[in-house]
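Let me begin by presenting the structure, written as structure tokens, before commenting on it.
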Amino acid sequence: METNDVKNILGLHLPTDPRWVNLAEISLEDILTDHAYCEQKAATSCISLIQRYSEKEKLIRELSPIVTEEWGHFRLVLAELDKRKLKLGRQRKDDYVNALMIFQKKDGHQDDRFLDKLLIFALIEARSCERFKRLSEGLDDAYLRNFYRRFMESEAGHYHLFIELAETYIDKALVRKRWQEWLTYEADVMNKLEVRGDRMH
């Protein structure tokens with residue numbers, strides 16, 4: 001995925017360093033472990049949003065099936081670990097998500113905080129999709145290439161959904177302005193993070 005493709009398709013300003021796929025392939029147990037926990041956290045994050053914003057009917061209706069889908073993905077990754085006789089390791093600190101959280105608004109108007117919650121999820125989904133695409137194209141293992149292509153196709157629309165939900169409840173111009181701010185910030189985060197093959201992000 002070239003820089004222009006990343007920006008046009010997913011909105012991301014900076015593509016993943018090409019070295020990451022080779023490092024991930026060397027650390028297969030680690031990357032599958034981290035992937036499993038990413039899917040688990042995606043499911044529980046959607047549950048948290050539903051619980052926190054139970055008055056928002058469209059949000060509940062749209063995110064409920066995502067919970068099921070993400071948990072199904074968690075089980076698929078567990079099955080892949082089992083098939084390869086690999087172990088699910090411990091959950092690790094996610095430096096990427098922690099860096100994004102610094103930019104998230106934690107005070108001010110509740111709509112601003114709500115918007116940032118949705119946009120940070122949109123950004124994580126977009127970056128995950130881009131990483132799945134990298135793996136689907138760059139791994140030597142043909143089965144795993146197909147495995148990650150299915151994840152890429154499944155996840156492709158999720159980041160759009162979070163932006164669509166934001167635009168349902170908040171002025172579209174404000175959403176788009178803040179989204180561009182997030183994209184700029186995320187590119188800086190990606191540029192500063194160490195390239196590690198044992199992390200999905």
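The values are calculated or read from the model by the stated rules, or taken from the named source; none is laboratory data. These figures come from a predicted structure and were not determined experimentally. Neighbour counts run over all protein chains shown; Cβ positions are idealised from the backbone, glycine included.
Ala99 passes every criterion in (1) under 17 Å from Met190 (Cα atoms); (2) surrounded by fewer than 17 Cβ atoms within 10 Å (Cβ to Cβ) apart from (2).
Annotation: of all residues in the stretch 1-34 being among the polar types (S, T, N, Q) and buried (at least 18 other Cβ atoms within 10 Å of the Cβ), the one that is modelled with the highest pLDDT is Thr33.
Within the stretch 47-60, restricting attention to residues that are of a type in the set (D, E, K, R) and in a helix (DSSP H, G or I), the residue that is surrounded by the fewest Cβ atoms within 10 Å (Cβ to Cβ) is Glu57.
In the condition set (1) among the aliphatic types (A, V, I, L, M); (2) part of a helix (DSSP H, G or I); (3) under 26 Å from Glu29 (Cα atoms), Leu63 is compliant with all but (3). Of the residues making up the stretch 10-22, those that are over 15 Å from the mean Cα position of the chain (by Cα), part of a helix (DSSP H, G or I) and under 13 Å from Glu130 (Cβ atoms) are Trp20, Val21.
Here Gly197 passes the criteria (1) under 26 Å from Ile60 (Cα atoms); (2) small (Gly, Ala, Ser); (3) touching a residue at least 60 places away in the same chain (Cβ under 8 Å) except the one numbered (1). Flag set for Leu118, criterion: surrounded by 18 or more Cβ atoms within 10 Å (Cβ to Cβ) and assigned to a helix (DSSP H, G or I). Listed by first and then second residue, the pairs with beta-carbon distance under 7 Å, at least 6 apart or on different chains, first residue in the stretch 23-46 and part of a helix (DSSP H, G or I), second polar (S, T, N, Q), are Tyr37/Gln91; Cys38/Ser128. Would you pick out the residues in the stretch 76-112 that are aliphatic (A, V, I, L, M) and either in contact with a Lys or Arg (Cβ under 7 Å, 6 or more places away or on another chain) or not in a loop (DSSP other than H, G, I, E, B) (or both)? Leu76, Val77, Leu78, Ala79, Leu81, Val97, Ala99, Leu100, Met101, Ile102 - these are the residues of the stretch 76-112 that are aliphatic (A, V, I, L, M) and either in contact with a Lys or Arg (Cβ under 7 Å, 6 or more places away or on another chain) or not in a loop (DSSP other than H, G, I, E, B) (or both).
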